Amino acid sequence: RRRAIVTGAALISAPALVLPRFARAAEFTYKFGTNLPATHPLNVRAMQAAERILKDTGGQVQINVFPNNQLGNDADMLSQLRAGGLEFFTVSGVNVLSQLVPVSSMWGLGFAWANDEAVNKALDGDLGKFLRAQFPKVGLMAMDTVWSSGFRQITNSVRPINTPDDLKGLKIRVPVSPLWTSLFKHLGAAPTSINFAETYSSLQTKVVDGQENPLAIISIAKLYEVQKYCSMTNHMWDGYWCMTNQKVWSRMPEKVRPIIAKHLNQAALDMRADGAKLDASLRPELTSRGLAFNDPEIGPFRARLLASGFYAEWKKKYGDEAWALLEKHTGKLG
Ligand code: X2X
């Protein structure tokens, strides 16, 4: 039977979430690392995929899920993945991965997407295919289906964000990523790069005033305990590639590869449905936990980015081909 799932500091020394064992030990045991608390749908679905993979390979392949940065922060896990010591890592396209493959951050451009449907269509189609084709250049391989994290909202402990001026000078934690830093600098805030593993404590000790994440993460990582305001800016969308290492993948038995891919891709699809449900229910729940919500008008934020040259700067970095592909799905950005 599965062990109880523990979240928070206690998890650091705890073993990986343990799967039901077959009578004999699995022939192949792989690690799957994530940066999110164990109860987030990403981990719940990854665990479910692992169970299905164990069953469909007749007990041959056991994938152990290590949530909550148990294996290290995002930078550590990316190094382990590249070195072949970690077989699977769900990594945001906009986070540390973009230091290696700059164009992978482009889905996170500010105020680019109308809704989840537009993102899914692009990432299940030509934009996803284009992005996936970049990873083999650095020895990595992404599964076909992106695990969506969702649209991000800004929380802080100083004031509600109603206009871009409210962001002025606000110390805001962003992941370690050039795009994130650029976005918040262009909006007039004072961004600080901090790994997710240290985000809660940096808010608690007031090293920073605020942070930004989808409601699901704000809730599951209990950020409402150390934040007062939540402004529904929907300023960017982010998701996770389920990433492996090309060499490691090619060493996995040919027979089991399609089974692994099938269940990991299914998990990503199931997680999209989980996310939509959570998004609908979390606002009242977080309100009851003390977060004060507001709904700013988005026009002025986008106007600020246009005027400051944000889109022009990133278009130059990503290149015309990638930009055209993105704008095909988002409409003209700038
Ligand atoms: O670091 C974050 O804020 C997180 C958890 O959303 C990402 O992985 C980008």
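The values are calculated or read from the model by the stated rules, or taken from the named source; none is laboratory data. Just so it is clear, the structure is predicted and the values come from calculations on it, not from any experiment. Counting neighbours? That spans all protein chains shown, and the Cβs are built from the backbone with ideal geometry, glycine included. Protein only, heavy atoms only, side chains kept; ligands, DNA and RNA dropped before computing areas. Shrake-Rupley method; radii C 1.70, N 1.55, O 1.52, S 1.80 Å.
Assorted remarks:
- Options Leu127, Leu54; residue that is farther than 22 Å from Ile194 by Cβ, in a helix (DSSP H, G or I) and in contact with a helix residue (DSSP H, G or I) (Cβ under 6 Å, 6 or more places away or on another chain): Leu127
- Going through (1) open to solvent by 10 Å² or more (accessible area, probe 1.4 Å); (2) over 29 Å from Ile298 (Cα atoms); (3) touching a residue at least 40 places away in the same chain (Cβ under 8 Å); (4) away from the ligand (no atom under 12 Å from the Cβ) one by one, Cys242 falls short only on (1).
- In the stretch 130-147, the residue that is most open to solvent (accessible area, probe 1.4 Å) out of those that are out of contact with any helix residue (DSSP H, G or I) (no Cβ under 9 Å at 6 or more places or on another chain) and in a helix (DSSP H, G or I) is Lys137.
- The stretch 148-172, residues that are within 16 Å of Gly110 (Cα to Cα) and not in a loop (DSSP other than H, G, I, E, B): Ser149, Gly150, Phe151, Gln153, Ile154, Pro164, Leu167, Ile172
- Single residue of the stretch 148-176 satisfying the filter (within 11 Å of the ligand (Cβ to nearest atom) and of a type in the set (A, V, I, L, M, F, W, C)) that is most open to solvent (accessible area, probe 1.4 Å): Val176
- Out of Ala118, Ala112, one residue alone is of a type in the set (Gly, Ala, Ser), at pLDDT 95 or above and assigned to a helix (DSSP H, G or I). It is Ala118.
- Selection within the stretch 292-333 - under 16 Å from Phe130 (Cα atoms) and open to solvent by less than 40 Å² (accessible area, probe 1.4 Å): Tyr318, Gly319, Ala322, Trp323, Leu325, Leu326, Glu327, Thr330
- Positions within the stretch 48-62 being closer than 23 Å to Ile217 by Cβ and surrounded by 21 or more Cβ atoms within 10 Å (Cβ to Cβ), in sequence order: Ala49, Ala50
- Meets criteria (open to solvent by less than 40 Å² (accessible area, probe 1.4 Å) and either farther than 25 Å from Ile220 by Cα or at pLDDT below 95 (or both)) for Val18: yes
- Those helices (runs of 4 or more DSSP H) of the stretch 198-288 in which 1 or more residues are under 18 Å from Ser149 (Cβ atoms) and within 16 Å of the chain's Cα centre (by Cα) occupy 199-204, 215-220, 257-288.
- Cross-chain or 6+ apart pairs with Cβ under 6 Å, the stretch 13-38 first and within 16 Å of the ligand (Cβ to nearest atom) and among the aliphatic types (A, V, I, L, M), then at pLDDT 60 or above and outside any loop (DSSP other than H, G, I, E, B): Leu36/Leu42
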